[in-house]
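The values are calculated or read from the model by the stated rules, or taken from the named source; none is laboratory data. Treat the numbers as computed from the prediction; the structure is a model and nothing was measured. Neighbour counts run over all protein chains shown; Cβ positions are idealised from the backbone, glycine included. We work out accessible area using only protein heavy atoms, side chains counted, and drop any ligands, DNA or RNA first. Shrake-Rupley method; radii C 1.70, N 1.55, O 1.52, S 1.80 Å.
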Amino acid sequence: MSIFDEQHQVANYFVKNNPNFLNHMFGTTDIQPFWIADMDFQVAPAISAALKQIAERGLYAYEFNTEKLYTAMVAWYQRRHNLRLQSTAFLQLNGVLTGIAVLLQEFTAKGDVVLIQTPVYHQFDQVIKGNGRKPLPHPLVLDDGRYTMDLAGLEKTFQQAKPTAMILCNPHNPVGRVWTRSELQALLSLAEAYNVRIISDEIHADILYHSHQFTSIAALDRANKHLVLLGSPAKTFGMQSIANGYIYTENEEYFKKLQQKIEAMYLHHGNAMTNYASIAAYTEGELWLDELLAYLTSSIQWISKFIRAELPEVKVIQPEGTYQLWLDFRALELTDKELKQLFVTAKIGLAMGHWFGEAGKGFARINIATPLANIQEALVRLSIAVNALKKDDLV
């Protein structure tokens, strides 16, 4: 039995289980939540030990130790991704979306067009609008069960709509693509030709399957024209509520501008709990992560086999990264409302595909970072609900 098979009590004040959220989104609290991208697994023991040590110390004066953290992050990226980074090129703030907001404010103007590749994490749309910019959805291409970038379409859009920036999601949430080096190089060439600045959100960089390799924009952007939001230990180590975000840039001009802005808004003040937990994660969490990836790989295999056998109308978009699975329900020919009702009937709370943009209609996202038994129970109920739906259609 894996450590990840262990069931833990999920408190009602966690977002995924909060009755107010469940009622608002699904109209019921009698539902098993798989809709939000956090883990149901306990963190690596080293993280718990670091937090316990700080808690028991009982002293919480001003404390900053980012140098040790950045050194640990540099070693991590070199070891896991063969990516050479500079410890002096990181900027800390309190989250990935905060980082995107700061980058938009500093490097785009109000009213500017910012391109996103849909279906994509719905908060990108919100942070663009919230900062007075205009989101421009550009759909990915789904061909034979795999998503790719529409590079010819992107070039045309760059020419006509003239976006000043685009947000790249790598690995991509929700479709699970890990963009290849050649894909990213082609994208960079287009962006440089049409003066589009890429903001690269790489928060899922460590969640990779099979032989897929993560390539950061930072490894390809030799002229340092673009902006890398390397992300956070949040997704990798299940630290969503205690992790910071990090911007990375070797462009000295960009760095100084961003540093000034972040410090002017007092966004750079971390806390000791976050700092020590993150250091522990990057220095002692590697074995835990490897075990997690093996467990998730096994879960994906079971889910894929079950859906092929029991839910043949549903297609699994095989993930290359992230702990989200993107499921294609279009063959059921249901409206968004009908698809949601199907999930409610099955008592399974999935993230509706249309939340991720028009290109997500007919799809849904399931978070698989939970004991497999939870997923098995939910998918059995879903298969029963789908079979009942098909019988109703025959009556």
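So for the chain, averaging the separation of alpha carbon pairs under 8 Å that are six or more residues apart and normalising by length, what relative contact order in percent results?
24 percent
In Å and from the alpha-carbon atoms only, list the Rg and Dmax of region 104-255.
For region 104-255, the Cα-based Rg and Dmax read 14.9, 44 Å.
Work out, step by step, the length gained on full extension between GLU313 and ASP143: first 0.36 nm times the residue separation, then minus their alpha carbon distance; give nm to one decimal.
59.5 nm
Take the alpha carbon gyration tensor of region 111-191, find the square roots of its eigenvalues, order them as a ≥ b ≥ c, and report rounded if a/c is under 1.5; if not, report prolate when a/b exceeds b/c, else oblate.
Oblate, since a/c reaches 1.5 and b/c is not below a/b.
Consider the candidate values (i) 20.0; (ii) 21.6; (iii) 18.6; state which one is mean projected area of the Cα convex hull in nm² computed from the structure displayed.
Checked against the structure: label (i).
State the percent of C-alpha pairs, over all pairs in region 62-177, separated by a distance greater than 25 angstrom.
Cα-Cα pairs of region 62-177 separated by over 25 Å account for 39 percent.
Compare the peptides 251-260, 236-245 by average per-residue count of other Cβ atoms within 10 angstrom and give them in order, highest first.
236-245, 251-260
If you average the C-alpha positions of region 224-246 and of region 254-327 separately, how far apart do those two centres end up, in angstrom?
Here the answer is 9 Å between Cα centres.
Can you give me the long-range amide H partners of LEU115? Hydrogens built in the peptide plane at 1.01 Å from N, cutoff under 5 Å, separation of 5 or more residues or another chain.
LEU136, ALA165, MET166, ILE167
Determine the gain in length on full extension of the stretch ALA331-GLN7; use 0.36 nm per residue of separation and subtract their C-alpha separation, reporting nm with one decimal.
Result: 113.3 nm gained on full extension.
Running Debye on region 1-108 with equal point scatterers at the Cα sites and no solvent, what base-10 log of I(q)/I(0) appears at q = 0.10, 0.22 Å⁻¹?
-0.55, -1.20
When ligands, DNA and RNA are left out and all protein chains stay put, how many square angstrom of accessible area per residue does region 161-233 have with a 1.4 Å probe?
Here the per-residue accessible area is 30 Å².
Can you send over the carbon and sulfur percentage of the accessible area for region 157-302, probe radius 1.4 Å, protein chains only?
47 percent
Over region 105-194, what relative contact order in percent results from Cα pairs under 8 Å that are six or more residues apart?
It rounds to 32 percent for region 105-194.
Taking the Cα-to-Cβ direction at ALA109 and at ASN271 and moving 7 Å from each Cα, how far apart do the two end points lie in nm?
Distance between the two pseudo-spin positions: 4.0 nm.
What three numbers, in Å, describe the spread of the alpha carbons of region 24-84 along their principal axes, ordered from the longest?
Cα spread of region 24-84 along its principal axes, largest to smallest: 47, 39, 21 Å.
For GLU183 and THR345, calculate 0.36 nm times their separation in residues minus their Cα-Cα distance, and state this gained length in nm to one decimal.
Additional length available on full extension: 54.3 nm.
Which value, in debye to the nearest 20, gives the size of the charge dipole of region 164-218 about its Cα centre, when Lys and Arg are +1 and Asp and Glu are -1 at the Cβ?
With only Lys, Arg, Asp and Glu charged at Cβ, the dipole is about 80 debye.
What nm distance separates the two modelled labels at ALA161 and ASP290, each placed 7 Å from Cα along Cα→Cβ?
4.3 nm
Quick one: what Rg and Dmax do you get for region 237-330 from the alpha carbons, in Å?
20.0, 57
Cβ neighbours within 10 Å, averaged per peptide: list 330-338, 20-28 in order, most packed at the top.
Ranked by mean Cβ neighbours within 10 Å, highest first: 20-28, 330-338.
What's the carbon and sulfur percent of region 102-146's accessible surface, probe 1.4 angstrom, rounded to a whole number?
That fraction is 46 percent.
Based on the Cβ-Cβ distance from ASN224 to ALA388, what FRET efficiency comes out when R0 is 41 Å, to the nearest 0.05?
In this case the efficiency is close to 0.10.
Helix hunt in the chain: which complete DSSP H runs extend at least 30 Å axially by C-alpha with mean Kyte-Doolittle at least -1.0?
Once both thresholds are applied, what remains is 286-310, 372-394.
In nanometres, what is the gap between the two model label sites at ARG381 and GLN213, each 7 Å from Cα along Cα-to-Cβ?
Label-label distance for ARG381 and GLN213, simple model: 4.3 nm.
Using only alpha carbon pairs under 8 Å that are at least six residues apart, calculate the relative contact order of region 1-104 and give it in whole percent.
14 percent
Just to confirm, what accessible area per residue do you get for region 1-74 at 1.4 Å probe, in whole Å²?
Here the per-residue accessible area is 63 Å².
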